[in-house]
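Taking it in order: structure first as structure tokens, then the write-up.
The values are calculated or read from the model by the stated rules, or taken from the named source; none is laboratory data. Please read these numbers as outputs of a predicted model, since none were measured by experiment. With ideal geometry, Cβ positions are generated from the backbone for all residues, glycine too; neighbour counts draw on all protein chains shown. Each accessible area value is taken on the protein alone, full model and side chains, heavy atoms only, with ligands, DNA and RNA left out. Shrake-Rupley method; radii C 1.70, N 1.55, O 1.52, S 1.80 Å.
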Amino acid sequence: MKDPAQIALGSAGPAGPGFERVRAVADAVLYEGYLLYPYRRSSAKNRVRWQFGILAPRAWVEADGPVPAALAGSVESWQQQTECLLEAGPDATVHVRVRYLQLQHKSVERRTEDGYTPVESLEADGGIHLTFDEAVPREHDIVVPLADLLTGDRQFPVGAPGGEESEELDGGAGRVVRRLHPVEAVTTLSTERLDGPCALHRLRVRTENTGQSVGAGTAREEALCHTLIATHTFIGGSELEFISLTDPPQWAEDAARACRNIHTYPVLADDAGSRDLLLSSPILLPDHPQVAPESPGDLHDAAEIDEILSLRTLLLTDEEKREARATDPRAAEILDRVDGMPPEVFARLHGAIRSLRATHPSQVEPALTAPERASTPWWDEGGDDGLSPATDSALVDGVPVSKGSRVRLRPRGRGADAHDMFLIDRTARVEAVFHDVDGSVHVAVSLEDDPTAELHSWYGRFFYFRPDELQPLATDPAQERTDGRHRAVEA
């Protein structure tokens, strides 16, 4: 009999405590690497898929011995564990949602006199149909009072059933058969009360693949049929707030360091300033992750720039687009969205200003007040006492250079970027002087003879050199020529 605390779902569930507000980020995690540009089955990078959040049967994972700790998070595993800190009220309730993809094999079969025979591709319905591996999203919700978890571990099934369905193609040419193998898995919840200035608890959410159907020697393609793919977890509830493990308050630092997370990384998931939701992801994320509001939709590769990826998709040939549409329905959706994207949407993808504090590089911002400086990140202008790239100077051959100074570029022979070698003896103007966290000085410059220098300056795109790679020059080029003649006469 099912535990009454659990609500198990196939592909949709109750809204949860604000889960829908962070679904876009979670879906990007879910489909990260699902199908990469150029979205065709024939593409080499789409032949080895399913790279993140893989929870496979334990016997298969440990066929060659336990996974070394140093490789945790970078290879297939049979478990995923989240440990997080939360402050809870007396009647707190925990709501956990486990999400993953279940592999679904799409087989194209041609009709024959004896029935059907599998083929790699089939022309029918005026189009092409390709054999390919798809995936079905799965969600399982668990709602349980926090007090119940203090009395012992609670375990809940979060697997998915197998099945088969077929679709006849028009004209009797054949059919498409989709097959699912059952996935067996459980999620175990437990908690403990910790010492501290508030009602502090450590919550553990552990999801394991408990399948026994595959073992040592099984091919990866077959093992994936019984695997949880892109596994990640939402955690929320009522009368509770989470503590950031990335940047915990000082009083919780020791407790945060003691949290043990396996193959997953929990971060605060709601809007900045809120601590109501947690997303535990197999991909490293910052606290309060967000999808850019300019993004018109998931392109299945969150590491790419939407503008570049969209433009490349538009450049696919008609034959390539035909194959992509036949590869996967989600690929067809991407093509339709990009093909129909209005110009104003493309314009938004080109760039956006996230901070109104930014100014033209030629302008010097007024000094910040103490409260403003305290709330300003150290990497922003004025955020660190005594550092101001727009006004700081650096010594070059004993001569102080700062914004506006002229220098000649003399990149070092060894250890320099290869591109710097093309800039030897070019003259440039200093745009800013930067100090990094290691105490090193870097001088940002723009080339004097670059017709696009003003544009690069506007965007803050500079070349960076160390002081010993520069030679100071007279501020006025005419004066430099005069000084050069005088030196020649003296010689």
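Checking each residue in segment 112-137 for being in contact with a helix residue (DSSP H, G or I) (Cβ under 7 Å, 6 or more places away or on another chain), among the hydrophobic types (A, V, I, L, M, F, W, C) and open to solvent by 20 Å² or more (accessible area, probe 1.4 Å) picks out only I128.
Name the one entry in E208, E192 that is in contact (Cβ under 8 Å) with a residue 24 or more places away in the chain and within 18 Å of H263 (Cβ to Cβ). None of the other options fit; the residue is E208. Just the residues that are more than 30 Å from I334 (Cβ to Cβ), free of Cβ contacts under 8 Å to residues at least 24 places away in the same chain and surrounded by 14 or more Cβ atoms within 10 Å (Cβ to Cβ), please, taken from segment 266-300. Once the filter is applied, which keeps residues that are more than 30 Å from I334 (Cβ to Cβ), free of Cβ contacts under 8 Å to residues at least 24 places away in the same chain and surrounded by 14 or more Cβ atoms within 10 Å (Cβ to Cβ), segment 266-300 yields only S274.
May I ask you to list the residues in segment 233-257 that are open to solvent by less than 60 Å² (accessible area, probe 1.4 Å) and more than 22 Å from A147 (Cβ to Cβ)? Within segment 233-257, S244, L245, P248, P249, A256 meet the criteria. In this structure, H263 does not qualify as buried (at least 21 other Cβ atoms within 10 Å of the Cβ) and under 30 Å from D339 (Cα atoms). Among the residues of this structure, H140 counts as one that is touching a residue at least 24 places away in the same chain (Cβ under 8 Å), open to solvent by less than 50 Å² (accessible area, probe 1.4 Å) and assigned to a strand (DSSP E or B).
If the condition is being open to solvent by 40 Å² or more (accessible area, probe 1.4 Å), under 18 Å from W60 (Cβ atoms) and under 28 Å from the mean Cα position of the chain (by Cα), then segment 185-219 contributes only E208. Please work out which residue is nearest to the chain's Cα centre (by Cα), limiting yourself to segment 441-466 and to residues that are under 20 Å from L387 (Cβ atoms) and open to solvent by 30 Å² or more (accessible area, probe 1.4 Å). Residue satisfying both the conditions and the ranking: G460.
Mind checking whether some residue in segment 220-230 is acidic (D, E) and either within 23 Å of the chain's Cα centre (by Cα) or surrounded by 21 or more Cβ atoms within 10 Å (Cβ to Cβ) (or both)? There is no residue in segment 220-230 that is acidic (D, E) and either within 23 Å of the chain's Cα centre (by Cα) or surrounded by 21 or more Cβ atoms within 10 Å (Cβ to Cβ) (or both). When segment 398-431 is filtered for residues that are touching a Gly at 6+ places or on another chain (Cβ under 9 Å), crowded, with 16+ Cβ neighbours inside 10 Å and among the aliphatic types (A, V, I, L, M), only V430 remains. If the condition is being touching a residue at least 12 places away in the same chain (Cβ under 8 Å), open to solvent by less than 40 Å² (accessible area, probe 1.4 Å) and within 22 Å of E120 (Cα to Cα), then segment 324-351 contributes A324, A326, T327, D328, A331. Among the residues making up segment 233-248, those that are over 20 Å from T93 (Cα atoms) and in contact (Cβ under 8 Å) with a residue 60 or more places away in the chain are L245, P248. If only residues of segment 123-135 that are aliphatic (A, V, I, L, M) and within 36 Å of the chain's Cα centre (by Cα) are counted, the one that is farthest from H226 (Cα to Cα) is I128. Taken residue by residue, segment 172-185 has at least one member that is closer than 30 Å to E87 by Cβ, part of a strand (DSSP E or B) and touching an Asp or Glu at 6+ places or on another chain (Cβ under 7 Å). In segment 62-76 there is no residue matching the filter, namely being modelled with pLDDT of 90 or more and open to solvent by 20 Å² or more (accessible area, probe 1.4 Å).
When Q155, Q80, Q102 are screened for being open to solvent by 10 Å² or more (accessible area, probe 1.4 Å) and at pLDDT 95 or above, only Q155 passes.
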